[in-house]
Amino acid sequence: MSNFDYNFGTKTAIKEYDNQGAYNTLQEMMKRKEQLIVKFYGSKDNTRCAWIESAHVAGFKYQLKSASYQGLLNYLFKGDVTDFDTNPKEADTLDENEDFQLGILKAMIDAGKAIQYVPLFREHPESISAILPCFKGKIMFRIKRTDETLDYLREHKQII
């Protein structure tokens, strides 16, 4: 009787995400002064991420750390094009039960940014959608609609 090898060999089935390629693509988009559409989220592997797209480039994931988040915001709000990520292969992880997108929305509210909300009657009953227009694009939000979130937005005089 022969011995059949059921293994996949030395290679693993898990492939590491090419965040360096994502960073290089983002840098090229910024050098062309493209208007970016950005959505922040926490990935399944608890990494802080941004979904980035433009009129000329299809959407892609970019894993974030604090420096890359700040560099991306500097481009969106001021148009600054800098080399802000020295090691794109490193990314920050989320704390357990942290809602990264809601945290960013709250930070923008605290900073006094003018956020446009989709009226609740037009929205899916389980979510709140908003857009933050920026100098070099916009940030899109879609957060879970809870009583706590609605109370927070109303306390901070957001037009929802």
Q. Can you tell me which residue in the stretch 37-56 is farthest from the chain's Cα centre (by Cα), limited to those that are open to solvent by less than 30 Å² (accessible area, probe 1.4 Å) and over 18 Å from residue 129 (Cβ atoms)?
A. 54
Q: Considering only the stretch 71-110, state which residues are surrounded by 16 or more Cβ atoms within 10 Å (Cβ to Cβ), among the β-branched types (Val, Ile, Thr) and either more than 19 Å from residue 43 (Cβ to Cβ) or touching a Cys at 6+ places or on another chain (Cβ under 6 Å) (or both).
A: 81, 109
Q. If we scan the stretch 81-93, do we find a residue that is without any contact (Cβ under 8 Å) to a residue 24 or more places away in the chain, small (Gly, Ala, Ser) and touching a strand residue (DSSP E or B) at 6+ places or on another chain (Cβ under 8 Å)?
A. no
Q: Report yes if residue 91 is out of contact with any Pro (no Cβ under 7 Å at 6 or more places or on another chain), more than 28 Å from residue 18 (Cα to Cα) and of a type outside the set (Asp, Glu), otherwise no.
A: no
Q. Regarding residue 114, is this residue out of contact with any helix residue (DSSP H, G or I) (no Cβ under 6 Å at 6 or more places or on another chain), among the hydrophobic types (A, V, I, L, M, F, W, C) and more than 21 Å from residue 61 (Cα to Cα)?
A. yes
(Q) For the stretch 61-68, check the following and say yes or no: at least one residue is out of contact with any helix residue (DSSP H, G or I) (no Cβ under 6 Å at 6 or more places or on another chain), at pLDDT 95 or above and polar (S, T, N, Q). (A) no
Q: Please specify each residue of the stretch 115-152 satisfying the condition of being within 25 Å of residue 36 (Cβ to Cβ) and of a type in the set (A, V, I, L, M, F, W, C).
A: 115, 118, 128, 130, 131, 132, 134, 135, 139, 140, 141, 143
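The values are calculated or read from the model by the stated rules, or taken from the named source; none is laboratory data. Everything numeric here is computed off the predicted structure, so don't read it as measured data. So basically every Cβ, Gly included, is an ideal-geometry build from the backbone, and we count neighbours across all protein chains shown. Heavy atoms of the whole protein, side chains included, go into the accessibility calculation; ligands, DNA and RNA do not. Shrake-Rupley method; radii C 1.70, N 1.55, O 1.52, S 1.80 Å.
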